[in-house]
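Heads up: the structure comes next, in structure tokens.
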Amino acid sequence: MDWDELIPEDWRPELLMEEFNADDISDEDPRAQELLDKLMELWSKAPVVQALEGQRVKLPGFVVPLEMDAERIDQFLLVPYYGACIHVPPPPANQTVHVVMREGTAFPGHLFDTVWVTGTIRVERLSSQLGEAGYRMENASVVPYQ
């Protein structure tokens, strides 16, 4: 599966950037914070593709552990690009997947390992201090990306 398949075809966040004429806003411009606030709200409420519910999928991405000091990871966020969730803003909810490993297994990896994850996808939100996930992948297995 490709990350674009997690985004509804009619979702158009770039319209917000056009509304603010983002290319002409400097960091010091008061509109920059307003744009960031609206962007964060839009990202956290990003719509998902309901038709994916219950499908078995394989998706590549980067690991963001929910517990940073864990030696073995049984849950993590899967994100489409390096550095996501650590930098602001995090990816939209429809570009963040909460991965739950198979019962009794854990991933012996690290922050930002590049992996393939296979599991059953659910349309289910998770709110964490690292970001909003619009999907959950259950009974997941993880292998290094090659």
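Points worth noting:
- Test: residue in region 51-59 that is open to solvent by less than 100 Å² (accessible area, probe 1.4 Å), acidic (D, E) and either touching a strand residue (DSSP E or B) at 6+ places or on another chain (Cβ under 7 Å) or in contact (Cβ under 8 Å) with a residue 24 or more places away in the chain (or both): yes
- Failed item, numbered, when R31 is tested on (1) in contact (Cβ under 8 Å) with a residue 40 or more places away in the chain; (2) farther than 23 Å from S128 by Cα; (3) in contact with a helix residue (DSSP H, G or I) (Cβ under 9 Å, 6 or more places away or on another chain); (4) open to solvent by 30 Å² or more (accessible area, probe 1.4 Å): (1)
- Test: residue in region 90-111 that is in contact with a Leu (Cβ under 9 Å, 6 or more places away or on another chain), open to solvent by 50 Å² or more (accessible area, probe 1.4 Å), of a type outside the set (A, V, I, L, M) and more than 19 Å from W43 (Cα to Cα): no
- Here L15 fulfils each of the conditions (1) surrounded by 12 or more Cβ atoms within 10 Å (Cβ to Cβ); (2) at pLDDT below 85 apart from (1).
- Single condition N94 does not satisfy, out of (1) among the polar types (S, T, N, Q); (2) touching a strand residue (DSSP E or B) at 6+ places or on another chain (Cβ under 7 Å); (3) closer than 18 Å to V49 by Cβ: (2)
The values are calculated or read from the model by the stated rules, or taken from the named source; none is laboratory data. Bear in mind the structure is a predicted one, so any value in this text is a computation, not a measurement. Glycine also receives a Cβ, built like all others from the backbone with ideal geometry; neighbour counts cover every protein chain displayed. With ligands, DNA and RNA removed, areas are computed over all heavy atoms of the protein, side chains included. Shrake-Rupley method; radii C 1.70, N 1.55, O 1.52, S 1.80 Å.
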